[in-house]
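*Asks:* Structure in structure tokens, see below.
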Amino acid sequence: KKSVTNTHEDKTIYLLCNLIKMFIPPDDESFFYNSKKVLLELFDHETFEIRDDYTLYISVLTSYCTRKMRERKLNFCNEQLKLHKHRFKVLENTNKKFSKFTRFDFSNIINLATFLGEIDWAEEFVSKVNKYFFKEDYEFNFNYGNALIELRKSNFEKALEYSSKTITKDH
């Protein structure tokens with residue numbers, strides 16, 4: 001129960017322990033918040049190096065949020081969007097072109113942002129995220145994201161215009 005979180009290594013071990021504990025007693029949400037806090041300390045917005053473990057930690061935390069949202073704990077919508085915003089900010093600061101968003105990541109992020117009324121951030125995300133996509137996926141995602149944004153803004157003509165361009169083999 002006591003932990004020393006003075007060094008980078010201590011913080012990483014503390015983070016890993018809390019990530020594991022999140023799934024043992026899943027009703028105790030404190031492990032999620034402990035993990036998230038340490039993750040944000042280890043990888044602040046000014047991080048200039050992304051390691052593979054960062055992506056793993058973000059994936060585990062966002063998966064936990066998804067699990068909680070399925071239990072109708074909607075405060076985890078906000079938590080998940082905060083994690084996605086952090087991931088995007090770190091990517092922007094590190095300028096890593098090799099870190100790609102899948103179209104499923106994008107759909108989840110844009111759905112959350114528009115659901116939570118984060119329209120300005122969603123518009124910025126759609127306009128800047130193209131360099132983190134595989135080229136063949138970007139057009140669909142650009143149109144899909146803008147369709148949701150325009151729908152949320154009650155610009156129905158524009159929403160229909162964008163949605164008519166969201167054609168892909170599995171949508």
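*Asks:* Of R72, R152, R103, R67, which has the most accessible area and how do the rest follow, probe 1.4 Å?
*Replies:* Details: R72 185, R152 125, R103 45, R67 90 Å².
Heavy-atom accessible area, descending, gives R72, R152, R67, R103.
*Asks:* Which value in Å is the Kirkwood Rh of segment 90-167 over different Cα pairs?
*Replies:* Numbers: mean 1/r = 0.0793 Å⁻¹.
Over segment 90-167, the inverse of the mean reciprocal pair distance is 12.6 Å.
*Asks:* How do K128, K68 stack up against each other in accessible area, from largest to smallest, with a 1.4 angstrom probe? Provide the component values of the computation, followed by the final result.
*Replies:* On the way: K128 80, K68 0 Å².
I get K128, K68, largest accessible area first.
*Asks:* Please list log₁₀ I(q)/I(0) at q = 0.11 Å⁻¹ for segment 15-168, using the Debye equation with identical point scatterers on the alpha-carbon positions.
*Replies:* Reported log10 I(q)/I(0), two decimals: -0.46.
*Asks:* Hey, another quick one. Go through M22, N6, F76 and say which Cα lies farthest out towards the positive end of the charge dipole of the chain; charges sit on Cβ, +1 for Lys and Arg, -1 for Asp and Glu.
*Replies:* Result: M22, furthest along the dipole toward the positive end.
*Asks:* Can you give me the distance in nm between label points at E123 and E71, each placed 7 Å from the Cα along the Cα-to-Cβ direction?
*Replies:* 3.7
*Asks:* Cross-link partners among aspartates and glutamates for K153, C-alpha distance below 19 Å, same-chain residues fewer than 8 apart left out?
*Replies:* E118, D120, E123, E124, E161
*Asks:* Order E92, E157, most accessible first, counting only protein heavy atoms with a 1.4 angstrom probe. Before the final figure, lay out the partial values.
*Replies:* Values: E92 50, E157 150 Å².
Final ranking, largest accessible area leading: E157, E92.
*Asks:* Related question: If you take the beta carbon distance between T7 and Y33 as r and set R0 to 25 Å, what does 1/(1 + (r/R0)^6) give as a FRET efficiency, to the nearest 0.05?
*Replies:* Numbers: r = 21 Å, r/R0 = 0.86.
With a Förster radius of 25 Å, E is 0.70.
*Asks:* Give me the percent of the accessible area of the chain that comes from carbon and sulfur atoms, probe 1.4 Å, all protein chains in place. List each step's numbers first, then the result.
*Replies:* Numbers: 5260 of 9960 Å².
Result for the chain: 53 percent of the exposed heavy-atom area is carbon or sulfur.
*Asks:* Probe of 1.4 angstrom, ligands and nucleic acids ignored: what's the accessible area per residue over the chain, in square angstrom?
*Replies:* Roughly 58 Å² per residue, with all protein chains present.
The values are calculated or read from the model by the stated rules, or taken from the named source; none is laboratory data. What you see is a predicted model, and the numbers here were worked out from it, not measured in a lab. Please note: Cβ atoms are built from the backbone with ideal geometry, for glycine as well, and neighbour counts cover all protein chains shown. For accessibility, only protein heavy atoms count, side chains too; no ligands or nucleic acids. Shrake-Rupley method; radii C 1.70, N 1.55, O 1.52, S 1.80 Å.
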